[in-house]
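Take a look at the structure below.
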Amino acid sequence: MSPTRRDVLLGGAAAALAVAAPARAAAPGDAALLERLLAFERRLEGAYDQALREHLLDAALARRLRDQERAHIRGLELALTSMGHRPPRTAPRTLRVAAGEPFARLALKLESRTVDAYLAAIERLRNELLLIDIGSIAANQGQHVVTLRDVLGLPVLEESLVVS
C-alpha cells in the first residue's frame, strides 16, 4: 500500500519534532509532557493492533489509524531522544471490550482523551518550535475522533463544537 498525502505529512511532522526539540532542550517539563503523549499514543497503537487481531473494526480503518499512531510515536520518540531523554517503554495493554459494546466506542473515548492531552500539552510546552508539530498531531487525533463518531453513527461534531 502506498503512503497517502496525510501519511507523508505526518511523517514530516514526526521529523520536524526531532529537529525542534533540541532548540530548547533545557525547558523543564517538556520531556514529561512528551512522555505523557507518548503513553497515549502507544495505548492507541495497541488498541488498533487488537482491533486488527480480533476483527473489532474495519481492517483498513484500523490499519490506517494504527499506522498514524505509529508515526506519532516515532516523532515523539525522536523528539525525546534529541532532548537527551530515553523514551520510556511500556508494554501493550489489551482493552476490555464488553459484550455488545462496539470497539469504536472504546477507541473514541481513548482518542478523545488523547486530544485533551495534546491540547493541555500545547498550553504548557515551553519549546515554541514543538507547538506546530504537536498541534498538527492533535489535529490528526481530532480527525480520528470524527472518523470514529461517523463509524458509530454519531454526529461528527459534538453539540458544543457546532458553530451556528
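The values are calculated or read from the model by the stated rules, or taken from the named source; none is laboratory data. Values in this document were obtained by computation on a predicted structure and should not be read as measured data. As a convention, Cβ positions derive from the backbone with ideal geometry for all residues, glycine included, and neighbour counts pool all protein chains shown.
For the stretch 48-76, which positions are among the hydrophobic types (A, V, I, L, M, F, W, C) and either surrounded by fewer than 18 Cβ atoms within 10 Å (Cβ to Cβ) or assigned to a helix (DSSP H, G or I) (or both)?
Within the stretch 48-76, the subset among the hydrophobic types (A, V, I, L, M, F, W, C) is 51-52, 56-57, 59-62, 65, 71, 73, 76.
Of everything in the stretch 48-76, those that are among the hydrophobic types (A, V, I, L, M, F, W, C) and either surrounded by fewer than 18 Cβ atoms within 10 Å (Cβ to Cβ) or assigned to a helix (DSSP H, G or I) (or both) turn out to be 51, 52, 59, 60, 61, 62, 65, 71, 73, 76.
Can you name the residue in the stretch 118-140 that is touching a residue at least 60 places away in the same chain (Cβ under 8 Å) and among the β-branched types (Val, Ile, Thr) and, of all such residues, is surrounded by the fewest Cβ atoms within 10 Å (Cβ to Cβ)?
Here the answer is 132.
Here are the criteria: (1) among the small types (Gly, Ala, Ser); (2) without any contact (Cβ under 8 Å) to a residue 24 or more places away in the chain; (3) at positive phi. Tell me which single one residue 84 does not satisfy.
(2)
In the stretch 80-98, is there at least one residue being in a helix (DSSP H, G or I) and among the basic types (Lys, Arg)?
There is no residue in the stretch 80-98 that is in a helix (DSSP H, G or I) and among the basic types (Lys, Arg).
If only one of 37, 108, 65 is farther than 21 Å from residue 150 by Cβ, among the aliphatic types (A, V, I, L, M) and at pLDDT 95 or above, which one is it?
The match here is 37.
Would you mind stating whether residue 74 is touching a residue at least 40 places away in the same chain (Cβ under 8 Å), closer than 23 Å to residue 116 by Cβ, among the basic types (Lys, Arg) and touching a helix residue (DSSP H, G or I) at 6+ places or on another chain (Cβ under 6 Å)?
Criteria met by residue 74.
Regarding residue 156, is this residue surrounded by 12 or more Cβ atoms within 10 Å (Cβ to Cβ), at pLDDT below 95 and touching a helix residue (DSSP H, G or I) at 6+ places or on another chain (Cβ under 7 Å)?
Here the answer is yes, as residue 156 does meet what is asked.
Quick one: is residue 100 free of Cβ contacts under 8 Å to residues at least 24 places away in the same chain and not aliphatic (A, V, I, L, M)?
Working: free of Cβ contacts under 8 Å to residues at least 24 places away in the same chain: yes; not aliphatic (A, V, I, L, M): yes.
Considered against the rule, which asks whether it is free of Cβ contacts under 8 Å to residues at least 24 places away in the same chain and not aliphatic (A, V, I, L, M), residue 100 comes out as yes.
Only one of these conditions is not met by residue 84: (1) surrounded by fewer than 16 Cβ atoms within 10 Å (Cβ to Cβ); (2) closer than 20 Å to residue 73 by Cα; (3) within 18 Å of the chain's Cα centre (by Cα). Which number is it?
(3)
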